[in-house]
Amino acid sequence: MDKQMQNNANHAPRYEGVFPVVPTIFHQNGALDLAGQRRCVDFMIDAGSDGLCILANYSEQFSLTDAEREQLIATVMKQVDGRVPVIVTTTHFSAQACAERSLKAQQAGAAMVMVMPPYHGATIRINEAGIYDFFRTVSEPLSIPVMIQDAPVAGTPLSARFLAQMANEIEAISYFKIEVPQAAEKLRQLIQLGGEAIIGPWDGEEAITLMADLNAGATGAMTGGGYPDGIQQVMRAWRAGDRAAAQAAYAKWLPLINYENRQCGLAACKILMKEGGIIASDYVRSPLAAVHPSTRDGLIEIARQLDPLVLNWGR
């Protein structure tokens, strides 16, 4: 059985739709707030998420200890209780450590793992041969899909040709979150070059390029966690074949998407969740700085015009 046939046989169901990143919820003193985390998860499911992603960069994964990671995986998986599929980010520079993280995530019930190419700091980068071997090592023990996160933060060029090669040759490599400049063109190339091995070409970066990426063939969107109901207005219209309604919904929500992407970053969803009474604190872990009060007010002002569930769910 070739790689494409194996993908078709082994990776059902095909994951599509809106899979927002779950923020990590902290108390104001920086400790994990697990009760708040559970409320956050319940809200995101009630807001129409097709699935969730935990421990991503927008989850502040880089500020968590290994013990906290395990605690969060256990807490979230128990709270989700099978209601939606959960993607667990298992990125690590070490292929062995990433493989071990990924296997543990699978054993905990993850539907998929998301992994960035190995990098460290501003200068330590791995060539294509090393990246290929890295993803082969990570994939070998798994029976769930691996999503490659193609993001500028890694500083590692991943050509569409190379991604398609890995999709065709490495079992489990079948989903791709593309969030680099000109993402739509890269998605087109990836789909053309990879064919049926590209099971999940996905949009990223808070949906700032969502419409262009959908036009290019994206089937999923990994966004911020504050307003899945808003992103679903776009995605559900698109998936129903109503292009005009999708474009209208995108135009409606784009100011909030842009404000999150360009002004607040990963703090946006927690600010909205706190404002709506879902969580008690929107603390981001040091050395990240709190969003300026005026910027925070601007986010909430735009959100109130749209009336997302996040501002009412916890009241």
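The values are calculated or read from the model by the stated rules, or taken from the named source; none is laboratory data. Everything quoted here is computed from the prediction, not taken from an experiment. Here the Cβ positions follow ideal geometry from the backbone for every residue, glycine too, while neighbour counts run over all protein chains shown.
Please identify the pairs in which a residue from the range 60-84 that is surrounded by fewer than 15 Cβ atoms within 10 Å (Cβ to Cβ) has its Cβ atom under 6 Å from the Cβ atom of a residue that is β-branched (Val, Ile, Thr) and at pLDDT 95 or above, counting only partners at least 6 apart or on another chain. From the range 60-84, the pairs are Arg83/Ile45. Within the range 199-255, the residues that satisfy the criterion of being assigned to a loop (DSSP other than H, G, I, E, B) and either among the aliphatic types (A, V, I, L, M) or over 16 Å from the mean Cα position of the chain (by Cα) (or both) are Ile199, Ile208, Gly217, Ala218, Met222, Ala240, Gly241, Asp242.
For the residues Trp238, Trp253, Trp202, the requirement of being more than 27 Å from Leu163 (Cβ to Cβ) and of a type in the set (Phe, Trp, Tyr) singles out Trp253.
When residues of the range 89-137 are filtered for being charged (D, E, K, R) and over 17 Å from Ala172 (Cβ atoms), how many remain? Number satisfying all stated conditions: 2. Are any residues in the range 118-162 assigned to a helix (DSSP H, G or I) and at pLDDT below 95, and if so, which ones? Within the range 118-162, Pro152, Val153, Ala154 qualify. Just give me the residues in the range 170-189 being touching a strand residue (DSSP E or B) at 6+ places or on another chain (Cβ under 6 Å), surrounded by 24 or more Cβ atoms within 10 Å (Cβ to Cβ) and not in a loop (DSSP other than H, G, I, E, B), in sequence order. Listed by number, the residues that qualify are Ile173, Tyr175, Phe176, Lys177, Ile178, Leu187.
Sub-7 Å Cβ pairs linking a first residue in the range 160-177 that is aromatic (Phe, Trp, Tyr) to a second residue that is surrounded by fewer than 21 Cβ atoms within 10 Å (Cβ to Cβ) and assigned to a helix (DSSP H, G or I), at least 6 apart or interchain, are Phe162/Glu128, ordered by first then second residue. List pairs: first in the range 292-315 and under 14 Å from Ile257 (Cα atoms), second assigned to a helix (DSSP H, G or I) and modelled with pLDDT under 95, Cβ under 7 Å, 6+ apart or cross-chain? If the second residue must be assigned to a helix (DSSP H, G or I) and modelled with pLDDT under 95, no pairs are left. In summary, Ala97 fulfils each of the numbered conditions (1) touching a helix residue (DSSP H, G or I) at 6+ places or on another chain (Cβ under 9 Å); (2) at pLDDT 95 or above with the single exception of condition (1).
Of the strands (runs of 3 or more DSSP E) lying entirely inside the range 5-117, those containing at least 2 residues that are aliphatic (A, V, I, L, M) and more than 23 Å from Pro308 (Cα to Cα) span 86-89, 112-115.
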